[in-house]
1. Ranked from highest to lowest mean number of other Cβ atoms within 10 Å per residue, what is the order of the peptides 104-116, 167-179?
2. Can you run phi through the Karplus equation (6.51, -1.76, 1.60; θ = phi - 60°) for region 91-108 and list ³J(HN,Hα) in whole Hz, with x for Gly and Pro?
3. Could you pull the accessible area for I43 with a 1.4 Å probe, rounded to 10 Å²?
4. Enumerate the amide H contacts of S10 below 5 Å, restricted to partners 5 or more residues apart or on another chain; note that Pro and chain-start residues carry no placed amide H.
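The values are calculated or read from the model by the stated rules, or taken from the named source; none is laboratory data. Predicted model only: the values in this text are computed from it and were never measured. In this analysis, Cβ positions are derived from the backbone assuming ideal geometry, glycine residues included, and neighbour counts consider all displayed protein chains. Each accessible area value is taken on the protein alone, full model and side chains, heavy atoms only, with ligands, DNA and RNA left out. Shrake-Rupley method; radii C 1.70, N 1.55, O 1.52, S 1.80 Å.
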Amino acid sequence: MIPLVPEEASTFAGSVDALAWALIGLSAIGFVLVTTLLVTFSIRFRAQPRRGPTNVADANLERNPHGIALEVAWSIIPFVIFISAFAWGATLFVTMRRPPDNALQVFAVGKRWMWKTQHLEGKREINSLHVPVGQPVRVTLTSEDVIHSFFVPAFRVKQDAVPGRYTDLWFEAIRPGRYHLFCAEYCGSQHSRMIGEVVALEPAEYQSWLAGEAGAAVSMADAGRDLFTQLGCPTCHLPAAGAARGPDLVGLFGKTVHLTDGREIVVDESYVRNAILDPASQVVAGYQPIMPTYKGLVSEEGLLQLIAYIKSLQAAAGTNAASPPADRANASPEAAGGAG
Ligand code: CUA
């Protein structure tokens, strides 16, 4: 037994369905109205061969005293209906495109042919994503190879995962359960097998799932710090570690910086990603373009970890604003992981 529509398991699933049904209903009414009139008029006003060039329909039209009123009515009424449908759809679209500030952040990387997901606390999954019920969840997506599309029908969300950039979607599951996760963009011969599930758990269960296998998971920020050190980034980017040949990253995330070409840019996930892979393209004013590219040296998941670490430096700066640079350079695990 295949249901007409998938289960409604997110806060906006009901709204999406209501809009879809309204549009289908509107189209059905339009279809019935036009078809009925078409058939009725074809019969009622069919050509009368013996009357010569002028038929009954033309004669009626010429005599119609309501011509203007009728035309105005059939222009204004559909206009109001369609603009209302647009306003309704646009409102819902904007809601769905803006993750709330308190959303739980998770990451998903598409790769032929699997979804690799990662939680800030360090848990990683393949073709599976565990989320808590009753809390907005923001999924930041990217791809290692081609365009994939993250699609959870029960939540009525779908978003492309595009190589070379970050996109995101959000949802709030309303009921525990296991929901299909599809790739909805043809990505090669095994596209149809790029499937998984989103497991929605009660918050307490989610916490114990996160904590499972004690000690096994290293938080994304901590993994990012190790990678940061391993790649030699502190030499230029943490003031105590060497000459300030690059911008100090402590507290930088979320700020606006001036670039050498005069542009202003907000330091967000995309900017950090680009600064690592193509450093010469967006150099902060006052610095030389001496940083080498790290393209090919860091995986997409590694980039997300570096970003998580750089964000955590922000949190550390907020709480330890007075601490000397020497302490900040050694960003302790508590400070680095404290963001979660
Ligand atoms: Cu990935 Cu289709």
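1. Numbers: 104-116: 21.3, 167-179: 19.2.
Top of the packing list down: 104-116, 167-179.
2. Working through the residues one at a time gives 4, 5, 4, 4, 4, 6, 8, 10, x, x, 4, 8, 5, 6, 8, 10, 10, 9 Hz.
3. 110
4. Residues meeting the amide H criterion: I174.
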